[in-house]
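The values are calculated or read from the model by the stated rules, or taken from the named source; none is laboratory data. The structure presented is a predicted model; accordingly, all values stated were derived computationally and were not measured. A quick note on method: Cβ atoms are made from the backbone with ideal geometry, for glycine too, and the neighbour counts reach across all protein chains shown. We work out accessible area using only protein heavy atoms, side chains counted, and drop any ligands, DNA or RNA first. Shrake-Rupley method; radii C 1.70, N 1.55, O 1.52, S 1.80 Å.
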Amino acid sequence: MNMSGLLSALILLIIQGALAQRVRVEPEVVSYPGQAVTLRCQFPNPGETQLTQVSWIFERTDTERTNIAVFHPNFGVNYPTKSPVAGRVKFMLDPPTLDNPSIQISNVQMTDEGRYICEYATYPSGNEQGVSSLVMLAKPKNIARTVTVTAGKTPVIVARCESSNGRPAATISWSTTLNGNVTPPITVDNPDNTVSVQSAYMLAPQPSDNGKDISCMVSHRTMPQPETFQMKLVVEYPPRVQIKGYDNNWYRGRTSAFLTCQADGNPTPTTVTWKTLSGLMPETVQVEDTRLAVQKVDDTINTTFICEVKNSLGSGRDQVTVFVREQAPPPSNAGVIAGVIFACILAVILLGVLIYFLVFHNRRQQHGYRGTGKPAGAPYDSFTRLFGSAKSSKNGTGNNGNNNMPIYRGEVGLNEKTANQGMHLGGVALLETTHTHTAEDILLSREMDEVERKKFDELEEEDERYDRFGGGGPILQLRPHDDDLDDDMESQRDGSVISRTAVYV
């Protein structure tokens, strides 16, 4: 075939397609079984084309075509009796016209699904047609169930899901945490033109899989959302047994010792049996179903206890060997040791806090007391700290009757009158003094003997070392007293009573 021939054939196909489009129909019509469906057809704007006849043809497959309705303006209407819709098809208008030869099929069935062709016989262009597809929908019936299986190593079907008598075919999916596989879906075409779909889940079931969740979801065109079936697996297995309660501390004389036989199985275990390896149950043992109680441990308990549990699939057993000790083990002293360690740590912490407080507090009190110099508020010097005031006698005689008062060093040459006047310097009262010689007077007059001079020098050096070490911090001095308790108190001029042994801050 040359190029001109190919071009001519293409033009002819285009013309035929354009002419075919002149018949107006609905491309797809959807219906459910039992309903009435309308198939519309028109030939608008025929122009110079003469319409002579219209026919409806049912095409189930590409090779099977059947006339179901014919209309001719002169010969009227004809419904072939051998058509699959005979008795259920008719033209919408009575009598019909070539302008509107639409038909209606009542009580449609699933077998009515297919292609319906509205074909016009025209002159001079020949036959022109339009095709409508009738899609039959059928909501499927969906079910899902688990399959009772026995635990094993071979994969078996543990759950099934089925969507029956649907149109079109449904879609099935699974949701689970199990480590299994989904079988390929099986599709079955039913005689009524519906479709059934089956799917299954396979697994090598284990006892631990019993009761686990698995879900099946069915999706279909007729349902607004998937239908979900939630299920639990059923896996049967013989009893699994475990004895608990033995703590390896059964000693002679122990009371209230227990063993418990824990068992699970599917179906539920029916019998529980306790026995010993020797065949004889000790007299001090009481058996209560799954519990074995020992009233008092003795040498007869030194044996092996066996618990056997049965169900319809078989039996399971466990055993424990008891070793009777001579006596109870000594209590653990771990708690005591831990308590001692904690107490020691706490004591060290408290001691450190106390030392820090004393040192810090002492240094704050020492502020303003210097061995050399006289800062404000601290008028005492080393002479005063060493000798204090002149000590009175037992009968109360002495310097103003007070042998415990500090002596303030004044300017050299201060006369007795000035010393006795008493005055305030910077808010500090100058205490009244007497003509009695002080320690400083003795030193200045060189009347102190050699022993007293050495004593004074040693104390002076100690005071200087203290000043260098403490940086001029305050000194806290407790004055000793050698008298009786009664001599410690001294009356003052203002009527008050003070202690001679004073603490100077």
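The table below lists the values:
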{"quantity": "Given (1) surrounded by 12 or more Cβ atoms within 10 Å (Cβ to Cβ); (2) under 30 Å from Tyr237 (Cα atoms); (3) out of contact with any helix residue (DSSP H, G or I) (no Cβ under 8 Å at 6 or more places or on another chain), number of the condition Val322 does not satisfy", "calculated": "(3)"}
{"quantity": "Candidates Gly166, Gly126, Gly114 - the one that is more than 30 Å from Ala200 (Cα to Cα) and in contact with a strand residue (DSSP E or B) (Cβ under 7 Å, 6 or more places away or on another chain)", "calculated": "Gly114"}
{"quantity": "Matching entry among Asp209, Asp264 (being at pLDDT 95 or above, under 27 Å from Asn311 (Cβ atoms) and surrounded by 14 or more Cβ atoms within 10 Å (Cβ to Cβ))", "calculated": "Asp209"}
{"quantity": "Residue match in segment 170-188 (condition: out of contact with any strand residue (DSSP E or B) (no Cβ under 7 Å at 6 or more places or on another chain), touching a residue at least 12 places away in the same chain (Cβ under 8 Å) and either surrounded by 19 or more Cβ atoms within 10 Å (Cβ to Cβ) or among the hydroxyl-bearing types (Ser, Thr, Tyr) (or both))", "calculated": "yes"}
{"quantity": "Every residue from segment 80-136 that is of a type in the set (Phe, Trp, Tyr) and buried (at least 18 other Cβ atoms within 10 Å of the Cβ)", "calculated": "Phe91, Tyr116, Tyr120"}
{"quantity": "Residue check, Leu358 at pLDDT below 90 and over 45 Å from the mean Cα position of the chain (by Cα)", "calculated": "yes"}
{"quantity": "Residue ID - modelled with the highest pLDDT, chosen from residues in segment 54-73 that are open to solvent by 60 Å² or more (accessible area, probe 1.4 Å) and within 13 Å of Cys118 (Cα to Cα)", "calculated": "Asn67"}
{"quantity": "Residues located in segment 233-252, provided they are surrounded by 13 or more Cβ atoms within 10 Å (Cβ to Cβ) and over 30 Å from Gly152 (Cβ atoms)", "calculated": "Gly245, Tyr246, Trp250, Tyr251, Arg252"}
{"quantity": "Pair list, Cβ < 8 Å and 6+ apart or interchain, from segment 204-231 residues that are of a type in the set (Phe, Trp, Tyr) to residues that are open to solvent by less than 70 Å² (accessible area, probe 1.4 Å)", "calculated": "Phe229/Asn142; Phe229/Ala144; Phe229/Cys161; Phe229/Ser215; Phe229/Cys216; Phe229/Met217; Phe229/Val218"}
{"quantity": "Given (1) buried (at least 16 other Cβ atoms within 10 Å of the Cβ); (2) of a type in the set (Gly, Ala, Ser); (3) more than 30 Å from Thr148 (Cα to Cα), number of the condition Gly279 does not satisfy", "calculated": "(1)"}
{"quantity": "Flag for Asn311 being in contact with a Gly (Cβ under 6 Å, 6 or more places away or on another chain) and either at pLDDT 90 or above or not hydroxyl-bearing (Ser, Thr, Tyr) (or both)", "calculated": "yes"}
{"quantity": "Filter result (under 24 Å from Pro207 (Cα atoms) and surrounded by 13 or more Cβ atoms within 10 Å (Cβ to Cβ)) within segment 292-317", "calculated": "Ile306, Cys307, Glu308, Val309, Lys310, Asn311, Leu313, Ser315, Gly316, Arg317"}
{"quantity": "Those residues of segment 277-312 which are assigned to a loop (DSSP other than H, G, I, E, B), touching a Ser or Thr at 6+ places or on another chain (Cβ under 7 Å) and within 23 Å of Gln242 (Cβ to Cβ), in sequence order", "calculated": "Leu277, Ser278, Pro282, Thr290, Thr303"}
{"quantity": "Residue count, segment 137-155 (criterion: open to solvent by 50 Å² or more (accessible area, probe 1.4 Å) and under 30 Å from Pro238 (Cβ atoms))", "calculated": "6"}
{"quantity": "Scope segment 24-70; condition part of a strand (DSSP E or B), farther than 13 Å from Ala121 by Cβ and aliphatic (A, V, I, L, M); matching residues", "calculated": "Val25, Val29, Val30, Val37, Leu39, Ile68, Ala69"}
{"quantity": "Among the residues listed as Ser256, Ser163, the single one being among the small types (Gly, Ala, Ser), open to solvent by less than 70 Å² (accessible area, probe 1.4 Å) and either closer than 30 Å to Leu137 by Cα or modelled with pLDDT under 95 (or both)", "calculated": "Ser163"}
